[in-house]
Amino acid sequence: MSGITLETGFVFDTENLYGPGKITEEELGKFSPVYTKAHHTVMNMRKTGIVSGHVSKDGEPERVLYTQLPYIAEGNINSPERMMALEELGRSVKGQIDAVIFFGIGGSYLGGKVLFDVQCGEFWNLKSDVERNGWPKVFFAGNNVDSHRLNELIRYLKSDSRCKIGYKVMAVVISKSGSTIEPMSNFMICKKELEDSGIELAVIAVTDPHTGSRETLLHEVARKSGWPVFCVPDGVGGRFSVFSEVGLIVGALIGFDFQSFLSGARAMDLLCQSADIWKNPALLNSVLKYLAGVNHGRTIEVFMPYGDCLRSLSEWYVQLLAESLGKRVDKNGKIIHYGRTPVVAVGTTDMHAQTQEHQEGPLNKVVQFVVVKKWQQDIVVPHIYDEYGALSSFSGLPLSSILEAAQKSNAYALAKENRYNAAFIIPELTPFHLGELMFMLCISIAYEGEFANVDAFDQPGVEVYKSFLKQKLKELQEE
């Protein structure tokens with residue numbers, strides 16, 4: 001197996017992506033001056049927050065500060081005081097709030113959803129208060145404007161409230177500006193419906209921290225309403241914000257060990273400061289994916305974790321990659337239409353849905369697996385139909401072993417047909433290792449932006465549709 005193995009047990013297996021007949025040692029050598037320069041640029045970004053060519057959506061110079069987030073220190077975005085505030089919020093909610101609704105979209109939703117899925121799982125809200133250890137039920141809204149789903153959520157909460165005297169709901173509204181249509185419209189509807197039904201509603205605002213002339217709409221509403229305010233920090237784009245209060249507040253309200261999560265990110269960031277490509281997972285990952293695209297036409301990345309609770313990780317990564325690197329022009333204004341199209345997949349589910357195309361379709365993909373070596377809970381298939389050969393063949397095996405065998409078989413079959421694939425392997429699905437993986441992917445984006453000479457930290461394409469949408473909404477109100 002080629003690649004990188006860390007002391008923490010994290011592995012980046014590149015056997016089916018790098019070597020003879022794939023991305024070669026010679027290619028890597030020729031590209032060395034480019035990735036060496038990019039590494040120096042990213043190191044400077046860590047120290048100063050400055051990325052050449054990056055400006056805000058208003059056209060003003062803007063620092064990029066997400067690499068600061070793993071470090072808890074006075075004067076940093078994640079200061080000891082802010083971490084204590086999150087922990088205190090969690091303590092105040094436990095055993096006191098029956099349900100929490102998170103209202104956010106994009107980075108204000110996807111990162112926190114990963115933490116919830118890993119910590120709590122699909123059936124969290126079906127558990128009793130005792131089984132949840134006093135933590136509230138959790139719902140996510142505001143990530144679409146879907147009246148059917150929102151109505152069902154409101155109906156459920158009204159019904160659930162009838163089962164308990166003094167039922168309390170907390171709304172966590174996440175928007176930097178406070179004018180984001182999806183979360184704010186959902187919140188406004190929920191607030192009125194729940195309060196009209198007599199349900200006690202507490203509200204937390206997560207928004208731009210500035211007051212005075214720079215105060216955002218949501219911050220103003222929060223101030224006037226007396227709501228507690230947590231921060232969407234300057235210099236941290238939504239897709240990188242899971243390591244800030246935007247994502248950590250979800251962890252605080254479900255008992256997720258966000259300190260360990262940040263510790264994993266910090267451990268990874270320290271390793272990613274190495275200029276040695278074989279000691280820096282983010283550098284190696286970004287170089288191999290970039291060369292696979294520009295030299296070998298592999299311009300689609302299928303992100304395929306093995307495990308249902310990691311589907312949201314794939315969805316988070318899709319936004320991270322698409323918004324960061326899908327760019328019309330480079331930093332010099334030249335039209336290049338750069339990008340690698342990300343695809344959400346989950347093993348083994350999508351081995352029965354997408355793998356036919358991965359295996360025999362165009363040679364335009366890299367399949368990126370995420371593998372968990374040891375699952376904290378495992379189940380063995382019982383010997384109850386051993387008289388049937390097809391069923392006895394997997395009886396007595398843990399589901400985790402079957403899952404791992406399926407992934408290895410998929411990787412081998414793809415490699416035999418020159419289908420590039422690689423694997424991120426983590427020892428266990430813990431907050432620490434999740435932090436390692438997610439932060440490594442964030443740093444990879446910074447490197448690849450430099451290789452392609454694009455601004456990995458803006459999103460001008462998103463602003464285009466938003467301007468049209470505002471006009472459409474104005475026309476609807478006039479009608």
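The values are calculated or read from the model by the stated rules, or taken from the named source; none is laboratory data. No experiment lies behind these values; they were computed from the predicted model shown. Here Cβ is always computed from backbone atoms with ideal geometry, including for glycine, and neighbour counts include all displayed protein chains.
Quick notes
- Any hit, segment 431-444, residues being buried (at least 22 other Cβ atoms within 10 Å of the Cβ), closer than 18 Å to PHE303 by Cβ and of a type in the set (Val, Ile, Thr): yes
- Residue match in segment 49-57 (condition: crowded, with 16+ Cβ neighbours inside 10 Å, assigned to a helix (DSSP H, G or I) and in contact (Cβ under 8 Å) with a residue 40 or more places away in the chain): no
- Checklist (1) part of a helix (DSSP H, G or I); (2) under 28 Å from LYS373 (Cβ atoms); (3) touching a residue at least 12 places away in the same chain (Cβ under 8 Å) applied to ARG223, failing item: (2)
- Breaking point among (1) of a type outside the set (A, V, I, L, M); (2) surrounded by fewer than 22 Cβ atoms within 10 Å (Cβ to Cβ); (3) under 16 Å from ASN78 (Cα atoms), for GLY255: (3)
- Selection from segment 8-47 of residues that are charged (D, E, K, R), within 26 Å of GLN407 (Cβ to Cβ) and over 24 Å from the mean Cα position of the chain (by Cα): GLU15, LYS22
- Residue in segment 173-181 that is crowded, with 20+ Cβ neighbours inside 10 Å and part of a strand (DSSP E or B) present: yes
- Of the candidates GLN368, GLN376, the single residue that is surrounded by fewer than 20 Cβ atoms within 10 Å (Cβ to Cβ), polar (S, T, N, Q) and either outside the structural domain of GLY435 (by TED's automatic domain parsing) or touching a residue at least 12 places away in the same chain (Cβ under 8 Å) (or both) is GLN376.
- Number of positions in segment 75-117 that are without any contact (Cβ under 8 Å) to a residue 12 or more places away in the chain and either touching a helix residue (DSSP H, G or I) at 6+ places or on another chain (Cβ under 7 Å) or under 20 Å from MET170 (Cα atoms) (or both): 5
- Failed item in (1) over 16 Å from VAL236 (Cα atoms); (2) of a type outside the set (Lys, Arg); (3) in a loop (DSSP other than H, G, I, E, B); (4) in the same structural domain as ILE199 (by TED's automatic domain parsing), with ILE105 passing the rest: (1)
- Within segment 369-403, tally of residues that are within 23 Å of GLY435 (Cβ to Cβ) and of a type in the set (D, E, K, R): 2
- Test: residue in segment 395-405 that is among the acidic types (Asp, Glu), within 26 Å of GLU7 (Cβ to Cβ) and in the same structural domain as ALA282 (by TED's automatic domain parsing): yes
- Segment 72-102: number of residues that are of a type in the set (Asp, Glu) and assigned to a helix (DSSP H, G or I): 3
- Qualifying positions in segment 109-123 - under 20 Å from the mean Cα position of the chain (by Cα) and surrounded by fewer than 18 Cβ atoms within 10 Å (Cβ to Cβ): GLY121, GLU122
- Members of segment 442-477 that are assigned to a helix (DSSP H, G or I) and at pLDDT 95 or above: CYS442, ILE443, SER444, ILE445, ALA446, TYR447, GLU448, GLY449, GLU450, PHE451, ALA452
- Selection count, segment 131-166, where residues are outside any helix (DSSP H, G or I), crowded, with 16+ Cβ neighbours inside 10 Å and among the polar types (S, T, N, Q): 1
- Criterion applied to LEU291, LEU313 was being within 20 Å of LEU434 (Cβ to Cβ), touching a residue at least 24 places away in the same chain (Cβ under 8 Å) and in the same structural domain as ASP13 (by TED's automatic domain parsing), and the one residue passing it is LEU313.
- In segment 58-86, residue surrounded by the most Cβ atoms within 10 Å (Cβ to Cβ) [restricted to those that are in contact with a Leu (Cβ under 8 Å, 6 or more places away or on another chain) and among the β-branched types (Val, Ile, Thr)]: ILE77
- For the criterion of being within 24 Å of MET45 (Cα to Cα), in a helix (DSSP H, G or I) and free of Cβ contacts under 8 Å to residues at least 40 places away in the same chain, LEU262 fails.
- Boolean, ASN332 is among the polar types (S, T, N, Q) and within 24 Å of GLY449 (Cα to Cα): yes
- Of the helices (runs of 4 or more DSSP H) lying entirely inside segment 281-386, those containing at least 2 residues that are more than 22 Å from GLY237 (Cβ to Cβ) and among the charged types (D, E, K, R) span 355-360.
- Residue count for segment 182-208 under the criterion of being in contact with a strand residue (DSSP E or B) (Cβ under 7 Å, 6 or more places away or on another chain) and either part of a helix (DSSP H, G or I) or without any contact (Cβ under 8 Å) to a residue 60 or more places away in the chain (or both): the result is 13.
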